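Dropping a structure here in structure tokens format, bear with me for questions.
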Amino acid sequence: MARKIMLTGACSQLGRIMEALLKVQPDTEVVVLRREELDILDDVAVMAAVEKIKPAVIINCAGFNDVAAAESRLATKLPVNARGFCNLAKAAKEFRVYLCTFSSKFVFDGKKEQPYLEDDDLWPINQYGSSKHGGEEMVSNLLENYLIVRSDLLYGGGDDFVSRIQRELKAGNQVKVSDDFFVAPTYLGDLAAATVALVYEWAVGVYHYTNDAGNGINCYEFAQAVAELSDLDSSLLQTVPVLETEFGYPMAMPKRAILSIERFRELFPSLVRPWREALAAYLGR
Ligand SMILES: NC(=O)c1ccc[n+]([C@@H]2O[C@H](COP(=O)([O-])OP(=O)(O)OC[C@H]3O[C@@H](n4cnc5c(N)ncnc54)[C@H](OP(=O)(O)O)[C@@H]3O)[C@@H](O)[C@H]2O)c1
């Protein structure tokens, strides 16, 4: 019998890539739910959908990721990260479904010198991180059969860091990028493939997945690589502190929260690759 997977938040960058990948997996039936088909903040609708669809697996790609906007009291979509995850976890518990959902390095404070392990203490320092922490707690407290995949700066889905740098440099504009905020930039296609591998192994608990950037690179280094691999003029990149980039106002940022990917690497070494190799492949170089 085919493995039935319910994909929520399917309109997200990750959801679109995940849908395409799941649809070519053998013995798999995918039920794709975009926000208009299932709002995961609607607990009754979530319970009803899981009861009707009877999936073996839920993969949730819905979330709210605007770190700066999350600081505003007007960020009405932020509850999706905790309450939305809670609704899915309750339905997964009720109908004994394996739940996979995504979290972020922002659950950490960024003060550790080395990459964070999955079991390190969570200490979010801004609203976005707190919302992700809340979501993780809901899932791990309610369920035994769950997978949380934490990741870092994603690109490859359309409007992202890579496309912004390319667009501005092509237009001949100066671009402010930070040299004090460290990332492990990650190609969405690699994250989707890593997640599928974990889900098909029924991996349980928390896993980190990013492209391999060692102990992190700063955003300026990443932007420079984008420029070089796109044959664009990197001299238009201007280094500034992170809060002077698109964030624009004072908020706490975990400046070096890099995720250790060793737990994942042990299981699937062939699905780990260096960040620059992933970027070059994405840019067709
Ligand atoms: N992007 C990153 O750099 C990054 C890094 C680490 C982890 N992650 C995590 O990876 C996951 C996917 O991220 P992404 O960048 O692909 O997301 P995204 O492109 O920003 O899309 C988020 C999606 O969630 C949907 N959504 C929001 N509230 C919803 C609700 N109540 N019910 C159903 N759908 C809802 C949104 O729909 P509308 O557009 O209609 O609002 C949107 O389609 C998220 O959990 C995110 O936190 C992302």
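Counting just the residues of the range 233-285 that are in a loop (DSSP other than H, G, I, E, B), of a type in the set (A, V, I, L, M, F, W, C) and at pLDDT 95 or above, which one comes out nearest to D190 (Cα to Cα)?
Per the stated criteria, the residue is V272.
Would you confirm, using the coordinates I've provided, whether S235 is polar (S, T, N, Q), surrounded by fewer than 19 Cβ atoms within 10 Å (Cβ to Cβ) and in contact (Cβ under 8 Å) with a residue 60 or more places away in the chain?
Values: polar (S, T, N, Q): yes; surrounded by fewer than 19 Cβ atoms within 10 Å (Cβ to Cβ): yes; in contact (Cβ under 8 Å) with a residue 60 or more places away in the chain: no.
Spelling it out, it is not the case that S235 is polar (S, T, N, Q), surrounded by fewer than 19 Cβ atoms within 10 Å (Cβ to Cβ) and in contact (Cβ under 8 Å) with a residue 60 or more places away in the chain.
Name the pairs: first residue in the range 86-113 and in contact (Cβ under 8 Å) with a residue 40 or more places away in the chain and among the aliphatic types (A, V, I, L, M), second residue within 10 Å of the ligand (Cβ to nearest atom) and part of a loop (DSSP other than H, G, I, E, B), Cβ to Cβ under 7 Å, at least 6 apart or on different chains?
Partner pairs satisfying both residue conditions: L88/I40.
What is the number of the single condition among (1) farther than 20 Å from V149 by Cβ; (2) free of Cβ contacts under 8 Å to residues at least 40 places away in the same chain; (3) within 14 Å of the ligand (Cβ to nearest atom); (4) surrounded by fewer than 19 Cβ atoms within 10 Å (Cβ to Cβ) that V32 does not meet?
Evaluating V32 over (1) farther than 20 Å from V149 by Cβ; (2) free of Cβ contacts under 8 Å to residues at least 40 places away in the same chain; (3) within 14 Å of the ligand (Cβ to nearest atom); (4) surrounded by fewer than 19 Cβ atoms within 10 Å (Cβ to Cβ) leaves (1) as the failure.
Go through A49, A56, A62, A70 for me and flag whichever is more than 15 Å from the ligand (Cβ to nearest atom) and in contact (Cβ under 8 Å) with a residue 40 or more places away in the chain. Can you show your working first?
Working: A49 fails: more than 15 Å from the ligand (Cβ to nearest atom); A62 fails: more than 15 Å from the ligand (Cβ to nearest atom); A70 fails: more than 15 Å from the ligand (Cβ to nearest atom).
One residue alone meets the criteria, A56.
On to the next question. Hydrophobic (A, V, I, L, M, F, W, C) and crowded, with 16+ Cβ neighbours inside 10 Å: which single residue out of A56, A2 fits that description?
Numbers: A2 fails: crowded, with 16+ Cβ neighbours inside 10 Å.
A56 is the lone residue from the list that is hydrophobic (A, V, I, L, M, F, W, C) and crowded, with 16+ Cβ neighbours inside 10 Å.
Taking the criterion of being at pLDDT below 95 and outside any helix (DSSP H, G or I), would at least one residue in the range 142-158 satisfy it?
Just the residues of the range 142-158 that are at pLDDT below 95, to begin with: 157-158.
Remaining after also requiring outside any helix (DSSP H, G or I): 157-158.
Yes.
Can you say whether V149 is within 11 Å of the ligand (Cβ to nearest atom), crowded, with 18+ Cβ neighbours inside 10 Å and not small (G, A, S), as far as the supplied structure shows?
Numbers: within 11 Å of the ligand (Cβ to nearest atom): yes; crowded, with 18+ Cβ neighbours inside 10 Å: yes; not small (G, A, S): yes.
Yes, satisfied.
Take the range 186-216 and flag every residue that is more than 16 Å from the ligand (Cβ to nearest atom), in a loop (DSSP other than H, G, I, E, B) and of a type outside the set (D, E, K, R).
The answer is W202, A203, V204, G214, N215.
The values are calculated or read from the model by the stated rules, or taken from the named source; none is laboratory data. Since we're looking at a predicted model, the values are computed, not measured. Positions of Cβ are backbone-derived with ideal geometry, glycine not excepted, and every protein chain shown enters the neighbour counts.
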